[in-house]
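Data block below; observations after.
The values are calculated or read from the model by the stated rules, or taken from the named source; none is laboratory data. Remember, predicted model here, so these are calculated numbers, not experimental data. Neighbour counts are summed over all protein chains in view; Cβ atoms, including those assigned to glycine, are modelled from backbone coordinates with ideal geometry. Surface areas here come from the heavy atoms of the whole protein model, side chains and all, with no ligands, DNA or RNA. Shrake-Rupley method; radii C 1.70, N 1.55, O 1.52, S 1.80 Å.
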Amino acid sequence: SCTKEKEVSISDLALIPKPQSVEIQKGNFELDKSSTFYSDKEFEIASDFFQNFLKKGAGIQLENTSKNEASIVVEKDESQKSEGYSLVVSEKKITIKASDASGAFYGIQTLRQLLPSSFEGSKKTIRFPILVQNVNIKDAPKFKYRGMHLDVGRHFFPKEFIKKYIASMALLKMNYFHWHLTEDQGWRIEIKKYPRLTSHAANRNETLIGHYSDQPTKYDKTPYGGFYTQEDIKEIVAFAEKHNVIIIPEIEMPGHAQAAISAYPELGCTGKDVPVATTWGVFENIYCPNQKTFAFLEDVLTEVIDLFPGEYIHIGGDEAPKTQWKKCNHCQKLIKEHNLKDEHGLQSYFIQRMEKFLNSKGKKIIGWDEILEGGLAPNATVMSWRGMEGGIEAAKAKHGVIMTPTSHAYFDYYQSDSAEEPLAIGGLLPLKKVYSFNPIPKELTNEESAFILGAQGNVWTEYMKTEEQVEYMAFPRMLAMSEVVWSGPSSNIEADYSEFLLHLEPFLNRLKALDINHANHLYELEGTVIKKGGKLYYQLKTPTTGKDIFYQINNGISTKYTEPFSISESSSIQSQVSLNGELLGKLYKDTIVFHQAISGSIELDIAPNKAYDAGGKDALINGINGSDNRYGDNEWLGFWGDDVEISLDLGEQKDIKSFKTRFYNATRQWIYAPKEIEIFASVDNVAYALLKRIKRDGIESEERIVEIATEIYPTKIRFVKIRVQNYGLIPEGKQGAGNKAWTFIDELIFE
Ligand code: TNX
């Protein structure tokens with residue numbers, strides 16, 4: 001041909017997670033049915049995987065031969081890093097070198113990703129030879145703990161799905177599967193000594209419909225259940241071993257235990273019958289620290305230890321309300337007897353006792369960060385979920401830490417602002433935010449950082465009824481997490497994320513071939529109002545490069561987007577991404593409410609909580625309303641426990657006739673509209689007059705959105721202060737009683 005041969009770049013290889021170093025060389029290796037294979041004996045797992053992969057996906061039965069003769073070689077090389085490998089593809093030979101079985105397995109996974117995605121799944125008609133790009137790859141993981149979690153308590157997923165999930169982890173070089181097996185809503189593991197755990201605790205009478213904070217509450221009136229037999233578990237453990245994945249079973253204590261207590265009421269403090277839970281949230285029925293409970297848990301763990309060969313057992317420890325312990329004579333006696341400070345001390349006593357038992361059986365415990373409260377068990381590893389703080393404290397105390405903060409690792413949160421997303425628990429965790437995660441907090445010294453073993457994505461399944469939905473939530477965020485933990489956190493997010501997306505686009509074909517469902521927000525649009533020189537502009541962005549964006553204002557003509565365009569009145573804007581005339585993604589609709597504060601400037605006396613500040617302070621005067629049912633979007637700002645004073649400068653004196661704003665109200669999620677707000681105004685930013693004090697009645701209301709609207713007597717003003725009082729502590733009898741309430745505020749509309 002007369003065109004120059006296109007240079008192959010690393011993006012064309014679409015390797016995820018990205019290897020530490022890739023050199024692309026000219027030429028190819030030709031893989032065909034006559035290719036031959038050699039592997040050192042100790043790399044049997046890697047070699048079995050590869051041979052099965054080629055047989056199933058391409059009908060290639062590799063002939064085994066000697067190291068010298070073989071065209072594909074997997075061999076031992078002591079100089080390779082732990083879990084690392086080198087992979088050299090050249091004209092005549094492919095060589096993988098590793099010092100351990102893990103490294104050999106990961107070398108094979110990279111080679112697999114260099115092969116066409118049509119090799120995934122079952123056999124197709126393949127045209128040989130297959131050209132494998134010549135490369136020289138050197139690779140090793142940044143973190144030794146690279147995890148994914150799955151909650152099978154809220155919803156049960158069959159054995160075959162668990163295997164599929166584990167297999168997808170292996171593709172991404174992730175090595176720990178945290179299997180959350182027990183919950184208030186269902187006990188999922190067969191324990192021979194306690195048959196009621198599976199005959200009773202594995203089943204609930206019905207399940208909540210809709211969101212946990214929807215009122216009134218509705219149920220589906222359909223019994224739900226499921227569990228894994230010990231035979232199932234053995235099969236899954238064997239499968240995981242073949243995929244270089246270690247399973248960490250979680251048996252929750254002392255909280256999230258209502259299903260077990262339902263089967264054996266003597267495990268609770270009240271002895272009363274309780275149902276297997278049918279709704280989500282946190283329950284007060286927790287294990288009572290009595291002899292029966294300890295005997296029960298030791299028996300359960302003994303069977304668990306026999307099933308799972310890994311060194312870790314997760315004992316939970318999170319979200320255990322102490323209400324019943326406070327009222328329980330036995331618990332109070334224990335606190336005195338053992339000189340414990342309070343009920344947190346008692347939880348610590350509980351966990352330490354279980355740790356001792358597990359350590360004596362050669363196992364280590366992992367617990368959620370609540371196990372820090374009241375004193376950490378001596379050898380425990382901490383899983384930091386309520387932020388990074390628990391992890392920081394544990395690392396400083398020289399304990400192993402796994403980072404899974406809600407902010408970056410909760411794959412049950414929404415992944416997009418779009419109103420079309422399927423119902424999820426809340427929050428907002430887009431792909432880019434996962435990608436930007438750094439498991440090593442800056443608060444730690446180098447020495448302390450060594451205690452951060454790695455990170456994990458968590459998949460809680462309250463709102464995931466089906467396998468498709470689990471995959472939709474897990475993919476592609478799991479891919480971003482795999483780069484964080486394997487390749488290492490990015491120090492140049494914009495550039496690295498763009499490159500990641502270049503790999504992700506073609507990688508989606510591999511997921512498709514594997515029949516893995518996934519979300520795709522690559523062609524989504526983000527509209528932002530920006531202010532320049534007192535004028536307003538609307539900017540559109542889409543994550544991938546090389547696409548066209550077309551937009552329409554108020555149903556006008558469709559225009560190709562080139563740069564932010566000005567807006568001067570309330571407008572509805574529609575936009576869509578396309579490539580070569582073909583539409584991609586979904587139509588994006590945005591509404592700008594043009595009001596008098598929009599061109600002004602805003603200050604807050606206190607920053608919103610980091611988890612809910614996505615839009616920044618300007619989100620309150622950008623003309624865009626927050627969602628009616630999702631406070632985690634880019635428009636609502638959330639404050640935890642704080643009163644807030646908002647200062648506005650309208651830019652010039654303006655005639656203001658009314659003020660309107662909205663507060664989110666979802667008491668089951670600790671969010672309360674304020675009891676009082678005050679509005680002050682001034683012309684000179686010195687003398688302020690109180691314009692309105694708005695007290696809210698019916699503060700126990702359950703309406704989702706509380707709108708506050710008031711007339712302002714015709715008055716010329718320029719500066720405004722709005723004081724928003726936090727609700728205060730959450731009252732007894734409500735979810736989260738005794739904790740600080742959240743305030744969520746939306747657009748401040750002055751007309
Ligand atoms: C908190 S994370 C929980 C889970 C819920 C999850 C929902 C943790 C240790 N406890 O029980 O499913 O939030 O995001």
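Net charge around residue 486, counting only other residues with Cβ within less than 10 Å of its Cβ (Lys, Arg = +1; Asp, Glu = -1)?
Numbers: positive: 18, 142, 146, 173; negative: 83, 139, 483.
Combined, the nearby Lys, Arg, Asp and Glu give +1.
Residue 563 to residue 539: extension gain in nm, 0.36 nm per residue of separation minus the Cα-Cα distance? Could you put the intermediate results ahead of the total?
On the way: separation 24, 0.36 × 24 = 8.64 nm, distance 0.70 nm.
Full-extension gain reported as 7.9 nm.
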*For residue 10 and residue 125 in one chain, what is 0.36 nm times their gap in residues minus the Cα-Cα distance, to one decimal in nm?*
38.7 nm
*Give or take rounding to whole Å, what are the principal axis extents of the alpha carbon atoms in region 384-535, in descending order?*
51, 44, 29
*When we measure straight from the Cα of residue 442, which aspartates and glutamates land under 14 angstrom away, once same-chain ones fewer than 8 places off are left out?*
389, 393
_Distance histogram for region 460-536 (every C-alpha pair counted, 5 angstrom bins, percent rounded to whole numbers)_ = 3, 11, 18, 19, 16, 13, 8, 5, 4, 2, 0
*Separation between the residue 709 and residue 264 pseudo-spin-labels, each 7 Å from Cα along Cα→Cβ, expressed in nm?*
5.9 nm
*For region 296-302, what does the Karplus curve 6.51 cos²θ - 1.76 cosθ + 1.60, with θ = phi - 60°, yield as ³J(HN,Hα) per residue in whole Hz, taken in order and with x for Gly and Pro?*
4, 5, 5, 4, 4, 5, 4
*For the chain, what is the accessible area per residue in Å² when the probe is 1.4 Å?*
42 Å²
*Would you calculate the separation in nanometres between label points at residue 364 and residue 657, each defined as 7 Å from the Cα along the Cα-to-beta-carbon direction?*
6.9 nm
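Within the chain, what whole-number % of the accessible surface is contributed by carbon and sulfur, with the 1.4 Å probe and all protein chains included in the calculation? Please report the intermediate quantities before stating the final value.
On the way: 15640 of 31690 Å².
Of the solvent-accessible surface of the chain, carbon and sulfur hold 49 percent.
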*asked:* At 1.4 Å probe size, what's the solvent-accessible area of residue 192? Round to the nearest 10 Å².
replied: 130 Å²
*Quick one: Karplus J couplings for region 404-417, per residue in order, coefficients 6.51, -1.76, 1.60, θ = phi - 60°, nearest Hz, x for Gly and Pro?*
9, x, 3, 4, 10, 10, 9, 7, 8, 7, 4, 9, 8, 6
*Where does the chain land at 222 nm, in deg cm²/dmol rounded to the nearest 500, when only DSSP H runs of n ≥ 4 count, each adding -39500 (n - 2.57), divided by all residues?*
-6500 deg cm²/dmol
*Which order do peptides 290-298, 730-738 fall in by mean Cβ count within 10 Å, highest first?*
290-298, 730-738
*Among the lysines, which fall within straight-line cross-link reach of residue 692, defined as a Cα-Cα distance under 18 Å, with same-chain neighbours fewer than 8 residues apart omitted?*
654, 657, 660, 675, 716, 721
*Where q = 0.20 Å⁻¹, what log10 of I(q)/I(0) comes from the Debye formula for region 50-193, counting one point per Cα?*
-1.24
*asked:* Here is the link list: 142/234; 18/163; 76/433; 322/432; 56/432. Which ones come out longer than 26 Å on Cα distance?
replied: 142/234; 76/433; 322/432; 56/432
*List, in the order given, every pair from 272/333; 292/363; 193/398 whose Cα-Cα distance in the structure shown is over 29 Å.*
193/398
*Give a residue-ordered list of calculated ³J(HN,Hα) values for region 326-333 (Karplus: 6.51 cos²θ - 1.76 cosθ + 1.60, θ = phi - 60°; whole Hz; x for Gly, Pro).*
5, 9, 9, 4, 4, 4, 5, 4
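Of all the C-alpha pairs in region 585-648, what % are more than 13 Å from each other? Each step should come with its number before you reach the end.
Values: 1327 of 2016 pairs.
Result for the distance tail: 66 percent.
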*Multiply the residue gap between residue 192 and residue 694 by 0.36 nm, knock off their C-alpha separation, and tell me the result in nm, one decimal place.*
174.6 nm
_As a test of the definition: which semi-axes, in Å, follow for region 608-741 when you take the square root of five times each eigenvalue of its alpha carbon gyration tensor? Largest first, please._
27, 16, 13
*Could you calculate the FRET efficiency of residue 291 with residue 676 from 1/(1 + (r/R0)^6), where r is the beta carbon distance between them and R0 is 30 Å, rounded to 0.05?*
0.05
*Cα to Cα, under 15 Å, and not fewer than 8 places away if on the same chain: which aspartates and glutamates meet these conditions relative to residue 97?*
40, 42, 44, 75, 77, 78, 83, 139
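Could you sort the peptides 416-424, 29-37, 628-636 by per-residue average Cβ neighbour count (10 Å cutoff), highest mean leading? Kindly include the intermediate steps, with their values, before the conclusion.
Values: 416-424: 15.2, 29-37: 17.3, 628-636: 20.4.
My ranking of the peptides, most packed first, is 628-636, 29-37, 416-424.
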*asked:* Under the rule of at least 5 residues apart or a separate chain, name every residue whose amide H is placed under 5 Å from the amide H of residue 28.
replied: 134
_Place a point 7 Å from the Cα of residue 326 along the Cα-to-Cβ direction; which residues of region 715-732 have their backbone N under 12 Å from it?_
731-732
*If amide H atoms are built 1.01 Å from N in the plane of the peptide, which residues on other chains or at least 5 residues away come under 5 Å of the amide H of residue 691?*
679, 680, 681
*Please compute the Cα-Cα pair-distance distribution of the chain with 10 Å bins starting at 0, giving whole percents from short to long.*
3, 12, 21, 23, 19, 13, 7, 2, 0, 0
*Assuming R0 = 60 Å, can you tell me the calculated FRET efficiency for the pair residue 215 and residue 550, based on Cβ-Cβ distance, to the nearest 0.05?*
0.90
